[in-house]
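What follows is a set of notes on a single structure, which appears directly below.
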């Protein structure tokens, strides 16, 4: 610390950094250290075994697969909504805009019971779908997917929206005057400019979805190997007094989630220069 | 034509995915009439859950407000080595499953956690009591304020503050006179979201609560309990109260954003 | 055991400040003078019974000792509740679904190892058994365990890994199949018919009764009767199989907690009171089979006499847990969802 000074004439650096570090280490780093160290107390082999059991692998596959799929679905849906909110003027636009943040504000347990009430075999949506098409949504992986699409969607909308707003409509018009069709303009001009934001939104939606618990457990049915998500497995391990196992699954989730987020970041770094050009 | 279609599709997605669940909550809550719904909310255990939820949020939100503002200040206004790492660490809790956010406190302060024996020897209780609920909530809502402030404060740069500092203003004076007026609406909307999440958190709180009726049950946990007691109307009534809270939050946030927009418009 | 465990790095002022703050919050809200409190940590289906018993016992205790008493309760899956007590939830008494969960708490030294011998009848003041709850009129004609493994049928039962009730369900099916010869094969076929494995007994009842999923629910007898009452008499029928299991949900005082809080007298009285005729009658009214033979006879219409095996047939709970429900046990071997 000695000798080095921040490049700013402003006061309060030491204080604010100190408060930040204290807050960060007490609330985040110390507890996560406990999580990172706990699985190894029974030895590396048993920690490895507790995350490679078929049931754990199936849960991780579901959590990560469904979260990736949900985030991938959120991208076109979120782009569509952001597009409409930015480019169109229509009655009720402000309401629709406020509505987008609902999953941020609505408690996940409430979302869970509501979605279950809708998509259960005797629910408002579940019953007609089941009767006419024979589809079952609640208590299958599709139910998990719907809940995850729900929680992730606002992240995509909210990251794309400001970029879209800054992107002048003239760019598209210019492309159009140069003879580009609408689809071409969209593909060549708009999408590349939005790509980094879409990717960020994807990453955020994924991060939120992969750990989601409250809204999923009501609608999932929780069948081991089939619709059991990894966070639920952590809770189950705890109930079996298997602390090391619970921490091992938790740590595996963290590491994998970081892997995905790093990949998203790397992809973004490759996109950036291209998008700026 | 394409415009119409896009508009229609977007509204349909919003209606099916967002509006319908909301309608379902209120419809289920009122299925057996207003009196049943109101009775479920006025019942002593429900009231205890409501006041506990308010108390937890009242502690967790200021903690994260203070930390978030401090983090935003040093990240947005200064350059220092390790800054990117710090930003990542501040956002870390977003990527952590709520269940893990509860689990870590049990690993730390539970009877078989690192500090459990020491706490027990001194008669202190953290997990399964108010402190545990607060810690889990603080963890989950940790990044909200910092995240809303950092990009804004970075955009605004540091010229205004530097000018104030050269004119002899102290640190706190600079912050309250110069910075705060620029960020107040964003700050408020960050606090609102932080608060909404704090009141609605389920997974993390469920791991550390102990589920004692009237004592360590927050509102979302109370919803689960009523649901498990076959009191569906009651469960949805409390859920509707939470949903109402969410709607108020959204309304207030939309209002703040309009105010912020007007301010930016006036400035520019 | 005491301050010696404080490690020096922990004494950093920052952390101490955090702890001091936490400690200030941890101070219990001062109770009204003279009011005693008990925390009863129980499992899911006992909510209604203990709500009534708590009120009755508080009145009784006040008359006997002049002390006001408030009994708090916590309900949830039996395993989760035991875990909370082990992790430090300050339960004065535990009233759980199976002896194994209380054994687990005893293993951590919170309860004396001989707890089960401290109260009559293996510390289980009421019993129950496992029955079938079917849709009105029994459209699928389900009479006994054998019918449940038929292809195409949907059976609702919770996850034996997390739910105490689910373990009783599983063992009852196993006991019946053992008499037929090949239990592992039968139970495997039975669980192939399970479309949803909820984490607790309550979740399963909701799935079956409220969500309308499945043809038959394997349930505690008390839970089945409660479902009849809560969801309307005309919607379900109870079917008693030819053989079931005697489920004995045990109760115990948590020694470490009552000694620290000075609540041993009231906690012990609370559990002993469960054996008194009034409490036994209350239990019967909430569809638990009372231990008191006379009171059981009064409710013979509700509790048909069944052929019941006990957990002893499986070598006790520790043995059953190890053979069937531990990781790599029989349940893990035979349960193959998604075939």
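The values are calculated or read from the model by the stated rules, or taken from the named source; none is laboratory data. The structure displayed is predicted, hence computed values, not measured ones. Heads up, the Cβs are rebuilt from the backbone with ideal geometry, glycines too, and the neighbour counts pull from every protein chain shown.
List of remarks:
- The one condition in (1) over 18 Å from residue C:225 (Cβ atoms); (2) modelled with pLDDT of 95 or more that residue C:280 fails to fulfil: (1)
- None of C:330, C:301, C:297 is within 23 Å of residue C:96 (Cβ to Cβ) and either more than 14 Å from chain A (Cβ to nearest Cβ) or within 22 Å of the chain's Cα centre (by Cα) (or both) except C:330.
- Condition check for residue B:48: within 10 Å of chain A (Cβ to nearest Cβ) and assigned to a helix (DSSP H, G or I): no
- Restricting attention to the range B:164-193, the residues being more than 22 Å from residue B:148 (Cβ to Cβ), touching a residue at least 12 places away in the same chain (Cβ under 8 Å) and more than 10 Å from chain A (Cβ to nearest Cβ) number 0.
- The residues of the range C:122-141 that are within 29 Å of residue A:218 (Cβ to Cβ) and either in a strand (DSSP E or B) or within 26 Å of the chain's Cα centre (by Cα) (or both), listed by number, are C:128, C:130, C:131, C:132, C:133, C:134, C:135.
- So residue A:111, is it at the interface with another protein chain (Cβ under 8 Å from one of its Cβ atoms) and modelled with pLDDT under 90: no
- Taking the range A:130-140 as the range and being touching a helix residue (DSSP H, G or I) at 6+ places or on another chain (Cβ under 8 Å) and more than 8 Å from every other protein chain (Cβ to nearest Cβ) as the test, the residues that pass are A:135, A:136, A:137.
- Of the residues examined, residue B:66 is one that is part of a helix (DSSP H, G or I), within 12 Å of chain A (Cβ to nearest Cβ), surrounded by fewer than 18 Cβ atoms within 10 Å (Cβ to Cβ) and within 19 Å of the chain's Cα centre (by Cα).
- Only listed residue being touching a helix residue (DSSP H, G or I) at 6+ places or on another chain (Cβ under 9 Å), modelled with pLDDT of 90 or more and more than 10 Å from chain A (Cβ to nearest Cβ), chosen from B:132, B:116, B:123: B:132
- For the range C:235-260, the set of residues classified as within 14 Å of another protein chain (Cβ to nearest Cβ) and outside any helix (DSSP H, G or I) consists of C:236, C:254, listed by residue number.
- Filtering the range C:195-234 to residues that are out of contact with any helix residue (DSSP H, G or I) (no Cβ under 6 Å at 6 or more places or on another chain), outside any helix (DSSP H, G or I) and modelled with pLDDT under 90 leaves C:195, C:197, C:199, C:211, C:212, C:232.
- Residue A:116 farther than 27 Å from residue B:145 by Cα, crowded, with 22+ Cβ neighbours inside 10 Å and touching a residue at least 60 places away in the same chain (Cβ under 8 Å): yes
- With respect to the conditions (1) surrounded by fewer than 19 Cβ atoms within 10 Å (Cβ to Cβ); (2) not in a helix (DSSP H, G or I), residue A:165 lacks only one, and its number is (2).
- Taken over the range C:53-76, residues that are in contact (Cβ under 8 Å) with a residue 60 or more places away in the chain and within 14 Å of another protein chain (Cβ to nearest Cβ) amount to 2.
- Meets criteria (closer than 30 Å to residue C:49 by Cβ and touching a residue at least 12 places away in the same chain (Cβ under 8 Å)) for residue B:206: yes
- Test for residue A:16: is it within 8 Å of another protein chain (Cβ to nearest Cβ), more than 25 Å from residue B:221 (Cβ to Cβ), touching a helix residue (DSSP H, G or I) at 6+ places or on another chain (Cβ under 9 Å) and buried (at least 19 other Cβ atoms within 10 Å of the Cβ): yes
- Considering residues of the range A:68-96 that are in a helix (DSSP H, G or I) and facing another protein chain (nearest Cβ under 7 Å) only, the residue nearest to the chain's Cα centre (by Cα): A:77
- Number of residues in the range B:206-232 that are away from chain A (no Cβ under 12 Å) and modelled with pLDDT under 85 equals 9.
- Residue match in the range C:77-88 (condition: surrounded by fewer than 23 Cβ atoms within 10 Å (Cβ to Cβ), in contact (Cβ under 8 Å) with a residue 12 or more places away in the chain and within 13 Å of chain B (Cβ to nearest Cβ)): yes
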